[in-house]
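Peer 1: I'd like to ask some things about the structure below.
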Amino acid sequence: MADMCQSCGMPMKQGPAGGGTDTDGTKSAEFCSYCYADGAFLAPDITAAEMQQIGIDAMKEKGLPRPIGWLLTRNVPRLSRWRSKS
Ligand SMILES: [Zn+2]
């Protein structure tokens, strides 16, 4: 199981369910419950840059300065969800 969601980069154990679900209801080893449910991405048309921006905004709401949010999300484009299509 990956340590981080391979879509948004969030630590997997931070998600409420500890991971997204596949079509048969088993836990996804790669994607968190915010990104993935019932075998499909919740935001199928999103780009890596948009995902990174969402992460930065979410962290800003928690009081983290924008440069820190950027630092923590800069690996998003390298996660496996985004690597396959380029
Ligand atoms: Zn995720």
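Peer 1: Using modelled backbone amide H atoms (1.01 Å from N, in-plane), which distant-in-sequence or interchain residues come within less than 5 Å of PHE41's amide H?
Peer 2: Long-range HN contacts for PHE41: none found.
Peer 1: With Cβ to Cβ distances under 15 Å as the rule, what net charge do the other residues near ILE68 carry (K, R +1; D, E -1)?
Peer 2: Values: positive: LYS60, LYS62, ARG66, ARG74; negative: ASP57, GLU61.
Combined, the nearby Lys, Arg, Asp and Glu give +2.
Peer 1: Mind jotting down the three principal axis lengths of segment 43-86 based on Cα atoms? Whole angstrom, largest first.
Peer 2: Cα extents, longest axis first: 33, 18, 11 Å.
Peer 1: Can you give the convex hull volume per residue for the Cα atoms of the chain, as a whole number of Å³?
Peer 2: About 90 Å³ per residue, rounded to a whole number.
Peer 1: In deg cm²/dmol, rounded to 500, what helix-only [θ] at 222 nm does the chain give when every DSSP H run of at least 4 residues adds -39500 (n - 2.57) and the total is split over its residues?
Peer 2: -8500 deg cm²/dmol
Peer 1: Then there is this: So what's the net charge close to SER33: Lys and Arg +1, Asp and Glu -1, counting the other residues with Cβ under 15 Å from its Cβ?
Peer 2: Residues close to SER33 contribute a combined charge of 0.
Peer 1: If you take the C-alpha gyration tensor of segment 1-43, multiply each eigenvalue by 5 and take the square root, what semi-axes do you get, largest first, in whole Å?
Peer 2: Three semi-axes, in Å: 14, 10, 8.
Values in this text are rule-based calculations from the coordinates and carry no lab data. The structure presented is a predicted model; accordingly, all values stated were derived computationally and were not measured. Virtual Cβ from ideal backbone geometry, glycine too; neighbours counted across all protein chains shown.
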